[in-house]
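Below is one structure, written out as structure tokens, with a few remarks after it.
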Amino acid sequence: MKKILVIALVLFALPLIALHRLGISPLGLGEAMTMGTGMTAKLGCSGIHLSGFSDDEILYDLASYSPAAKAISLRRIDATTVEADINGMSVTRARYIPGLGCALELPGMIDRDALAVPVIAATEGPKQAVDTQLQSIVDAVMAEDNVAGLDTRALYVLRDGELVAEAYRDGISAATPLLGWSMAKSVTAMMLARMEALGLAATSSANLFPEWRDDERRDITLLNLLQMSSGLAFEEVYGPGSDATRMLFTVVDASAVPLAQPQEHPPASHFAYSSGTTNLLARYAQLQLGADPQAAIDFWSTQLAGPLGLAGTTFEMDPSGVFVGSSYLYAPARDWARLGQLMLDDGRLGDQQLLPADWVARATAPNSSSNDPRYGYQFWLNRGTKEPRWPALEPGAYAMMGNRGQVVMMLPEHNAVVVRLGWSATEYPYSQQLGRIQAAL
């Protein structure tokens, strides 16, 4: 009898030990499975239909976040729908619609089939003026990154608005849309800048949401949200049941998660990086456009993506029909570079001032927080404290940045944009590798 009890205890303990090593509490196992299938279905669907990745490539990328991802199967249900499944214990589906990309199939979602996405005409790319010395350095960075396991997939360099160097990993081309993760935050800010230019938004606006009008959150301004200094509590942790993972992988209405958060600091006093904050910006933009998903799609397509010729770009919405401004924008390197070039050109495209003339200067000025001023309007800055963020880069450098080492780096003194897209499981050496490219400009 004692032997049987010992065996039973061992059999019971082994899965608990495995969960502990994966950082999962037994009590949180249900949340972990829901998050896992939600993440696999959403990223799998977009990876297949937007980036053209194979199932094996997608599962390999997901496993870089957690070995637990290997327990999740990914199946194609039909031409547009994928299903993620953990032995029937948790099953989540996501569906692709051309122009809209993918969203989780969840109870209470909107009828996405009723939405129409304007076709964006492809425009001629930048003039090619290949710099052979710079190209050799870009090729070397690509090769060295991938020998080191950093999985760099695209490098693209503009100087004076001209394409001077580019390189791609096998299986990736200039036209492959790749996930920018949090680089979408900067694009969300640029969409609000376009709204400001048209008189539809103002950084001084407060009383942003009806849900906040009867408490202290009514004093939070659009500027506070843009600078990540709203003072709202938000759990920017990517584990089962956290605010961030519920927002991105399990709920219908992503921005409802940060909308419900309490005030933790006075507005403007404390910088706290929060994906929830950016989804509040996306929610606010949509409210200003009549709380209408179709109006939001039309605005993005006609006012920013269309003029820039972002034909290869897809900005995805959550199941409730609001852009996931924090995370879900897929674009090829050349489209990311076009967004960066608009910033370098102070928001001007040809003879049209798309963004307010002074907006880029405001967006790249340090915030007023006491703990980290090196962040502007959803852009990371190299200035604001004695310690530069990227010591090898010019002081005026600023960037869109995303998980797994995504970056669109603007170098104003060199009139250059450097795009790096990839899937680095460890910290990407931005200063070192982009510093080598800057030195050759």
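The values are calculated or read from the model by the stated rules, or taken from the named source; none is laboratory data. None of these values were measured; they are calculated from a predicted model. Here Cβ is always computed from backbone atoms with ideal geometry, including for glycine, and neighbour counts include all displayed protein chains.
Please verify whether G384 is outside any loop (DSSP other than H, G, I, E, B) and either surrounded by fewer than 21 Cβ atoms within 10 Å (Cβ to Cβ) or in contact with an Asp or Glu (Cβ under 9 Å, 6 or more places away or on another chain) (or both), treating the condition exactly as stated. Steps first, answer last, please.
Details: outside any loop (DSSP other than H, G, I, E, B): no; either surrounded by fewer than 21 Cβ atoms within 10 Å (Cβ to Cβ) or in contact with an Asp or Glu (Cβ under 9 Å, 6 or more places away or on another chain) (or both): yes.
Considered against the rule, which asks whether it is outside any loop (DSSP other than H, G, I, E, B) and either surrounded by fewer than 21 Cβ atoms within 10 Å (Cβ to Cβ) or in contact with an Asp or Glu (Cβ under 9 Å, 6 or more places away or on another chain) (or both), G384 comes out as no.
Of (1) closer than 30 Å to N279 by Cβ; (2) surrounded by fewer than 23 Cβ atoms within 10 Å (Cβ to Cβ), L158 satisfies all except one. Which?
(2)
Which one of W380, W390, W423 is farther than 27 Å from P126 by Cα and either without any contact (Cβ under 8 Å) to a residue 60 or more places away in the chain or of a type in the set (A, V, I, L, M, F, W, C) (or both)?
Values: W380 fails: farther than 27 Å from P126 by Cα; W423 fails: farther than 27 Å from P126 by Cα.
From the options W380, W390, W423, the qualifying one is W390.
Identify, please: which residue in the stretch 340-358 is small (G, A, S) and part of a loop (DSSP other than H, G, I, E, B) and is, among those, nearest to Q286 (Cα to Cα)?
Kept after step one, since they are small (G, A, S), are these residues of the stretch 340-358: 340, 347, 350, 357.
Those still in the list that are part of a loop (DSSP other than H, G, I, E, B) too: 347, 350, 357.
Details: G347: 22, G350: 28, A357: 23 Å.
In this case the residue turns out to be G347.
Which of the residues spanning the stretch 67-107 are part of a strand (DSSP E or B), touching a Ser or Thr at 6+ places or on another chain (Cβ under 6 Å) and small (G, A, S)?
A84, G101
Residue by residue through the stretch 113-125, note down the ones that are surrounded by 12 or more Cβ atoms within 10 Å (Cβ to Cβ), of a type outside the set (G, A, S) and at pLDDT 95 or above. Lay out the reasoning, then the answer.
Step one: list which residues in the stretch 113-125 are surrounded by 12 or more Cβ atoms within 10 Å (Cβ to Cβ), which gives 115-118, 120, 123, 125.
Checking the rest, the ones that are also of a type outside the set (G, A, S) come to 115, 117-118, 120, 123.
Matches in the stretch 113-125: L115, V117, P118, I120.
Kindly provide the set of residues from the stretch 253-289 that are small (G, A, S), out of contact with any strand residue (DSSP E or B) (no Cβ under 6 Å at 6 or more places or on another chain) and part of a helix (DSSP H, G or I), ordered by number.
In the first step, residues of the stretch 253-289 are kept if they are small (G, A, S); the result is 254-256, 260, 268-269, 272, 274-276, 282, 285.
Next cut, out of contact with any strand residue (DSSP E or B) (no Cβ under 6 Å at 6 or more places or on another chain) only: 254-256, 260, 268-269, 272, 274-276, 285.
A256, S275, G276, A285 - these are the residues of the stretch 253-289 that are small (G, A, S), out of contact with any strand residue (DSSP E or B) (no Cβ under 6 Å at 6 or more places or on another chain) and part of a helix (DSSP H, G or I).
Consider A311 carefully, then state whether it is out of contact with any Cys (no Cβ under 9 Å at 6 or more places or on another chain), surrounded by fewer than 18 Cβ atoms within 10 Å (Cβ to Cβ) and without any contact (Cβ under 8 Å) to a residue 60 or more places away in the chain.
Considered against the rule, which asks whether it is out of contact with any Cys (no Cβ under 9 Å at 6 or more places or on another chain), surrounded by fewer than 18 Cβ atoms within 10 Å (Cβ to Cβ) and without any contact (Cβ under 8 Å) to a residue 60 or more places away in the chain, A311 comes out as no.
Quick one: which residue in S370, S327 is within 15 Å of V407 (Cα to Cα), in a loop (DSSP other than H, G, I, E, B) and either assigned by TED's automatic domain parsing to the domain that holds A174 or modelled with pLDDT of 95 or more (or both)?
Values: S370 fails: within 15 Å of V407 (Cα to Cα).
S327 is the lone residue from the list that is within 15 Å of V407 (Cα to Cα), in a loop (DSSP other than H, G, I, E, B) and either assigned by TED's automatic domain parsing to the domain that holds A174 or modelled with pLDDT of 95 or more (or both).
Taking the criterion of being surrounded by fewer than 24 Cβ atoms within 10 Å (Cβ to Cβ) and at positive phi, would at least one residue in the stretch 408-415 satisfy it?
yes
So M35 passes all but one of these: (1) at pLDDT below 90; (2) surrounded by 19 or more Cβ atoms within 10 Å (Cβ to Cβ); (3) not acidic (D, E). Which condition number does it fail?
Going through the list (1) at pLDDT below 90; (2) surrounded by 19 or more Cβ atoms within 10 Å (Cβ to Cβ); (3) not acidic (D, E), M35 breaks only (1).
Looking for whichever is part of a strand (DSSP E or B) and either surrounded by fewer than 24 Cβ atoms within 10 Å (Cβ to Cβ) or not aliphatic (A, V, I, L, M) (or both) here; the options are R404, R420, R389. Which one fits?
Working: R404 fails: part of a strand (DSSP E or B); R389 fails: part of a strand (DSSP E or B).
After applying the criteria, what remains is R420.
Evaluate the following for I110: is it among the hydrophobic types (A, V, I, L, M, F, W, C) and assigned to a helix (DSSP H, G or I)?
Details: among the hydrophobic types (A, V, I, L, M, F, W, C): yes; assigned to a helix (DSSP H, G or I): no.
Taking the combined requirement at face value, the residue does not satisfy it.
Does at least one position in the stretch 130-151 carry a residue that is surrounded by 14 or more Cβ atoms within 10 Å (Cβ to Cβ), assigned to a loop (DSSP other than H, G, I, E, B), polar (S, T, N, Q) and at pLDDT 95 or above?
So far as the stretch 130-151 goes, no, none of its residues is surrounded by 14 or more Cβ atoms within 10 Å (Cβ to Cβ), assigned to a loop (DSSP other than H, G, I, E, B), polar (S, T, N, Q) and at pLDDT 95 or above.
Residues to consider are A361, A337, A295; find the one that is within 19 Å of W181 (Cβ to Cβ) and in a helix (DSSP H, G or I).
On the way: A361 fails: within 19 Å of W181 (Cβ to Cβ); A295 fails: within 19 Å of W181 (Cβ to Cβ).
Among A361, A337, A295, only A337 is within 19 Å of W181 (Cβ to Cβ) and in a helix (DSSP H, G or I).
Please work out if S327 is in contact with a helix residue (DSSP H, G or I) (Cβ under 6 Å, 6 or more places away or on another chain) and in contact (Cβ under 8 Å) with a residue 40 or more places away in the chain. If you could, list the steps in order and put the result at the bottom.
Values: in contact with a helix residue (DSSP H, G or I) (Cβ under 6 Å, 6 or more places away or on another chain): yes; in contact (Cβ under 8 Å) with a residue 40 or more places away in the chain: yes.
Yes; evaluated as a whole, the condition is true for this residue.
Considering only the stretch 91-109, I want to know if a residue exists there that is without any contact (Cβ under 8 Å) to a residue 12 or more places away in the chain, not assigned by TED's automatic domain parsing to the domain that holds A296 and not acidic (D, E). Write out each step before concluding.
From the stretch 91-109, those without any contact (Cβ under 8 Å) to a residue 12 or more places away in the chain are none; that's our starting set.
No, the conditions are met nowhere in the stretch 91-109.
All but one of (1) of a type in the set (A, V, I, L, M); (2) buried (at least 18 other Cβ atoms within 10 Å of the Cβ); (3) within 23 Å of W359 (Cβ to Cβ) hold for V257, so report the exception by its number.
If we test V257 against (1) of a type in the set (A, V, I, L, M); (2) buried (at least 18 other Cβ atoms within 10 Å of the Cβ); (3) within 23 Å of W359 (Cβ to Cβ), just (3) comes out false.
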